[in-house]
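See below for the structure under consideration.
The values are calculated or read from the model by the stated rules, or taken from the named source; none is laboratory data. What you see is a predicted model, and the numbers here were worked out from it, not measured in a lab. Please note: Cβ atoms are built from the backbone with ideal geometry, for glycine as well, and neighbour counts cover all protein chains shown. Surface areas here come from the heavy atoms of the whole protein model, side chains and all, with no ligands, DNA or RNA. Shrake-Rupley method; radii C 1.70, N 1.55, O 1.52, S 1.80 Å.
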Amino acid sequence: MSDQQEVGPTNAPAYAARTIGQIRLHGAWRHELAHHCLKSRLFWLTRGTTRITADLHPIMATGPKILFIPASMLLSIELPTQLQGHVAYFPNLADLELPQTSLCLTPSSAEAQVELTGLIERMARLEDQDTPSARRMKRGFGLLLSAMLERETLISNQRDRDATHRLRTQIKKPSKSAQLLSRFAALLAQGFNAQLGVSDYAARLDVTPTHLTRICREITGRTALALINEVLMAEARRRLVDTHDSAAKIARDLGYSSPAYFTRAFGQETGTTPTGYRDQKQGQWHSMRHR
């Protein structure tokens, strides 16, 4: 809501940095459900193991690991209690020269790990400051982090040329099935419309609904319909928590035929009504603020 300082991917300031613990505390669902963000994100996973899907492609990552997700890429990342680290947010600016593809890298050295942690922690300390000097400092840390990401990518690529030092994990695969899944993910990230079903997306991808569902199940373990519903429900949850929009307006904006149909679909996914979900999350937030 307007008086809350949420730490979800959509609400993050232009430059921001938070700990994994912070984003878990304020709603792990914001990252664990498939969603897209208008900002690029760098996850610095220092300890623990997690399951990630980038453009619907699954990968297991164990810290220490650098994960970069470009703006508007569909992402979900599990946040178990043993997972530790930070996430940094970047605006989509050309001068940052950020990668246009997802990356999952092992840091090149212990010194690189210390350097990365220091940069992100210093950016995080500026979180509540909005003076001109603080904005310049945040941008400076953003530039340093982007340069460090470029350096680590170059080192990783060099080591990839030696089969005995394969430190980089490729999230995307060049197979036709993987390419189809990436195209499907891109369509899901373009907008939210409950009136679009599996057959509509399949037609846009020039494949049959059966083929699209089969590919989704083979790679993700889930059907195309389940993935469509997850993206819709993630956006519905976000708007219920972050805005004052009525359930009826959210239903209309997301393309549901009626508020009643939206309420029924929401209940099937969450076990509660949209209003009940909003009240529950508001209550949790106020409880945390007054501890």
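Values for this structure:
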| item | result |
| --- | --- |
| Solvent-accessible area per residue for the chain (1.4 angstrom probe, square angstrom) | 48 |
| Extended-chain gain in nm, criterion 0.36 nm per residue less alpha-carbon gap, TYR261 and GLN22 | 82.6 nm |
| Two-decimal Rg/Rh across region 50-160, once Rg and the Kirkwood Rh are taken from alpha-carbon atoms | 0.96 |
| Sequence-distant residues sharing a close amide H with LEU126 (under 5 Å, placed H) | none |
| Computed FRET value (nearest 0.05) for LEU144 with ARG214, which takes r as the C-beta separation and R₀ as 35 Å | 0.20 |
| Virtual spin-label span in nm between THR273 and THR101, 7 Å along Cα→Cβ | 4.9 |
| Accessible-area order (highest first, 1.4 angstrom probe) of the listed residues ASP206, ASP245 | ASP206, ASP245 |
| Accessible heavy-atom area order of TRP29, TRP44, highest first, probe of 1.4 Å | TRP29, TRP44 |
| FRET E, pair ASP130, ALA94, Förster distance 22 Å, beta-carbon r, rounded to 0.05 | 0.40 |
| FRET efficiency estimate (nearest 0.05) - Cβ-Cβ, ARG151 to THR117, R0 22 angstrom | 0.90 |
| Cross-link pairs LYS39/LYS176; LYS39/LYS65; LYS65/LYS249; LYS65/LYS138; LYS65/LYS176 - those with Cα-Cα distance over 31 Å | LYS65/LYS249 |
